[in-house]
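Only the coordinates and a few stated rules stand behind these numbers; no lab work does. From a predicted model like this one, the values you see are computed outputs, not experimental measurements. Cβ sites come from the backbone with ideal geometry, for glycine too, and all protein chains shown count toward neighbours.
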Amino acid sequence: EAASKNGYSHFMMKEIYDQPTAIRETLCRRLDEKRHIQLDDIKLQKEDLDELNKIYIVACGTAYHAGLVGKYAIEKLARIPVEVDIASEFRYSDPFVDDKTLLIVVSQSGETADTLAALKEAKRKGARVLAITNVVGSSVAREADDLFYTWAGPEIAVASTKAYTAQLVAFYMLALHFANTKGTITDQEYVAYVDAIEGLGNKVEEILSQKETIEAVAKILVEATSAFYLGRGLDYTTAMEAALKLKEISYLHTEAFAAGELKHGTIALIEEGTPVLAIVTQERLAEKMISNMKEVKARGAYVIAIAKEGTPHIGHVADKIIEVPAVCDILMPILSVIPTQLLAYYTSTLKGLDVDKPRNLAKSVTVE
Ligand code: G6P
């Protein structure tokens, strides 16, 4: 077991550090000499895409959060309407699915019972199924019509890290592939996105080199009884994933909120010293986020910003700042999630908990 941890003290840390490679593998091995994305296991043609009236993305846990980013990427780049649902909700909701629906299931293991049941239900209703999975030959892979394998390598720690970032890369690539096939983006835009995705591995490495700063923030979280992640737009999806990660391995009660909803209830929970982690990477929304940070700070919150480098005025309102390198806003979720993984890891280890095998959780939930 020690050998496969590659010198790291826990699988989770090893897997966090595997991410630059996982991101590069998932993308680069699928670029041809013209730097076009080649997806051999995806048979959907232009006619099939033109016929679709909607895409449903269905998954559980961390994979569901990847789906929320996927919706954003597909809608923005390929202009196809997307709905996202939790597999256990989808399967019992009599969803509007027919032969004009593409169901995308996302599952690291490819064995999650609810995801598999949702897939079968959608197929029964006539949908075409595309699976994003990390395990070759898994149940989900065998049932799907089209396949996208994330090449993240085996993920052992219960808390998903590299599978998540590889799922995000998969969604960006699918969105670009669909957009290029449908002609909804220009060649220049396509090339610029491919280049930007290729550069993400190095930017993740830059973030990992700040681990001492992040560990110092975790020392604050260790003392807390609850914490809140705030975000808007894509930062809200990262907030949800970040909150899940923190609660599942550190047992710290953590909730994610859409920052604009604060006033509708959540702000009542803020007390003197409550840690509020604000994710601020979306330029269009940064100003709104800063005013939300001011609101919680005025009620005593200890505000920690996870912000895109160069975000104006952030220093005036945050008590601590973790900076992430800049890339175009749509790709920021791959970078902004990295400090949140490290924060969860350090909060758990500082509390002396079993990071890789948190209580009551399983890596793959194969029963309902
Ligand atoms: C379990 C794991 C999570 C994972 C979820 C979905 O709850 O603890 O980390 O996100 O299952 O797993 P899947 O293999 O379908 O991605």
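Classification of the stretch 61-193 by its C-alpha gyration tensor yields an oblate form. The axis ratio a/c (a ≥ b ≥ c) is 1.5 or more, and b/c is at least a/b. The long axis of helix 113-124 is offset from the longest Cα principal axis of the chain by roughly 30 degrees. Ordering HIS264, HIS177, HIS253, HIS10 by the number of other Cβ atoms within 10 Å of each residue's own Cβ, fewest first, gives HIS264, HIS253, HIS10, HIS177.
When peptides 120-132, 13-25, 155-167 are sorted by average Cβ neighbour count within 10 Å, with the highest value leading, the order is 155-167, 13-25, 120-132. Based on Cα atoms of the chain, Rg over Rh with Rh as the Kirkwood radius reads 0.96. Between the Cα long axis of helix 162-182 and the first principal axis of the chain there is an angle of about 50°, rounded to the nearest 10.
Note: relative contact order over the stretch 264-368, using C-alpha pairs below 8 Å and six or more positions apart, is 21 percent. Among residues other than LYS71 with Cβ under 12 Å from its Cβ, the summed charge is -1 (Lys and Arg +1, Asp and Glu -1).
Rounded to the nearest Hz, the phi-derived 3J(HN,Hα) couplings of the stretch 33-50 under the Karplus curve 6.51 cos²θ - 1.76 cosθ + 1.60 (θ = phi - 60°) are 5, 8, 6, 9, 6, 10, 10, 5, 8, 10, 9, 4, 9, 4, 4, 5, 5, 5, where x marks glycine and proline. Remark on ALA278: its backbone amide H falls under 5 Å from those of LEU230, ILE304, ALA305, ILE306, a criterion applied only to residues 5 or more positions apart or on other chains, H modelled at 1.01 Å from N. Over all orientations, the stretch 32-87 has a Cα convex hull whose mean projected area works out to 4.9 square nanometres.
Model label points for LYS46 and VAL191, set 7 angstrom from Cα along the Cα-to-Cβ axis, are 2.1 nm apart.
Looking at the stretch 230-328, the GluC sites (Glu not before Pro) that sit in a DSSP loop and have at most 11 other Cβ atoms within 10 Å of their own Cβ are GLU271, GLU272. Cβ crowding within 10 Å, taken as a proxy for footprinting-reagent exposure, orders CYS328, CYS60 from fewest neighbours to most as CYS328, CYS60. Note: the stretch 1-132, Cα convex hull, 137 Å³ per residue.
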